[in-house]
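Structure first, commentary second.
Every number in this text was worked out from the coordinates using simple rules, so none of it is lab data. All of these numbers come straight from a predicted model, not from anything done at the bench. Glycine also receives a Cβ, built like all others from the backbone with ideal geometry; neighbour counts cover every protein chain displayed.
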Amino acid sequence: MSDAARLIDEDEYDAIEQAVLETPRGRWFLGEYARRHKAADTEEVIGAIEKLYDLARETAAEARFGFLYHEMQEMRRTIGETRSAIAAVKPGERHNHDGTAPDDLAAIAEAADRAAGDIVQAAERLQEIGEKLRAGGADADLCDEIETHATGIFMASSYQEMTGKRIGLIVKALAAMEVHIARVVALWEEEARKA
């Protein structure tokens, strides 16, 4: 309501309305005025509702995706810690090294493969020694014991080789996951900077 309309008391307003309603053109004017203002008010209300809906949808999406972003960061941190812990497992060392590169992890897998090969060679040499001792007339029980230990080393080596291969696969999977998570986090941060 305008300031001029507020200054008119109720009786004056009724009198003006009655005067306008007495003519067909006045009645048409009041009807048209009400229709136009009603449409404008309706559009304004619809626009406000749409803005509220958009805001609610954005807030809900941000809440869901904000949680996802946090979880991705946690996964990234955990993978990094796991990679560091795997790389830190070296003979004679009991502490972690931060910032372990993928090459360090690959080197660990290669070292495990080499160790498996070295173990097999040592077991084969033990078998050869046992056979030579047996052929030279050495104590049969001692030769049998050497043969038994060599066979045990072969079995342990097979298990160790299998474990090394599994660790290698885990290291590759962690590296691939880390790359994908880093990509998603970078995209998220880029979108956040645009907003």
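Annotations
- Prolate/oblate/rounded call for the range 100-185, Cα gyration tensor, a/c under 1.5 rounded: prolate
- Label point distance in nm, V20-A107, each placed 7 Å from Cα along Cα→Cβ: 9.0
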